[in-house]
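Input: a single structure, listed below in structure tokens.
Just so you know, all these numbers are worked out from the coordinates, no wet-lab data involved. Remember, it's a predicted structure, so these values are computed and weren't measured experimentally. Quick reminder, even Gly has a Cβ in these numbers, built from the backbone with ideal geometry, and neighbours come from all protein chains shown.
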Amino acid sequence: MKRVILFPAAGWKRLTDTRGRVMKRKRYYEKYFEDFKENIVPNKNGKGTHREYVYEGYYYRQDLTRTRQILLRVCYVLLFGLELYFFIRGGFSAASRNQNPAVVVCQGLNMLCFIWLAWILIFYVAAPRDMTVYQYKSTALQLVKALKLSMAALLLLLICTVFAEIYGAGADVDGLISGAGSQAAAAILSIVWFLTEKSMKYKKLPNYCKGEE
């Protein structure tokens, strides 16, 4: 069972008695310690006590072998890199198109999506094979949400790019092929990534099965 030692009991009481920013921190801890059992145990030196949290909930594991799980995470990192590459390439393919307000807004939205996606991907890749309910929700489920938003943003950028090239002043066929082609490639990769993770199956393991293959 997973054990986590947090604050001394007195310190935790002060934390829960405050308001504002500290209470938000308390709600975060409540999410983090979901399905943990709280025990108050004496300190090793015999003076005072501290709170010890023991995880008693289910563990979540991808229905893959350890090797395939590692390969999947490597592929996800490569997919992210390729998406970002095509997004940047499409943005620099035609400077005139970037003056279109709709395209600029979509590009900004996509940049925010990439930052969010990168943040979640870091924790997804670093997550243990057997995840607690909090780790599962904050990596696997959050990744699907981020991919869905990123996919929608890239498709919207592709549509705005095509209209900006076709109806903009001095329409350029080469610019349309280059810019829209790169954005289309990024959108296709995003769709593939989203469908892959969306269809991923996770096994729900009893607590005593942690680490068993």
>> Can you give the local net charge around Ala185? Use residues other than it whose beta-carbon is closer than 10 angstrom to its beta-carbon, Lys and Arg +1, Asp and Glu -1.
In response: 0
> Sequence-distant or interchain residues sharing an amide H contact under 5 Å with Thr49, placed H: which?
Replying inline: Ala9, Asn43
> Sorting Leu112, Leu156 on the 10 Å Cβ count, fewest up front, what's the list?
Replying inline: Leu112, Leu156
> Can you list residues whose amide H is under 5 Å from Gln62's amide H, if they're 5+ apart or on another chain and H is modeled 1.01 Å from N?
Replying inline: Lys203
>> Cut-off is 10 Å between beta-carbons; in what order do Asp130, Asp63 appear when sorted fewest neighbours first?
In response: Asp63, Asp130
> Over the stretch 30-92, with a single point scatterer placed on each C-alpha, what log10 of the ratio I(q)/I(0) does the Debye formula yield at q = 0.27 1/Å?
Replying inline: -1.04
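Can you put Ser150, Ser138, Ser182 in order of Cβ neighbours within 10 angstrom, beginning with the fewest?
Working: Ser150 25, Ser138 18, Ser182 21.
Arranged by neighbour count, lowest to highest, Ser150, Ser138, Ser182 become Ser138, Ser182, Ser150.
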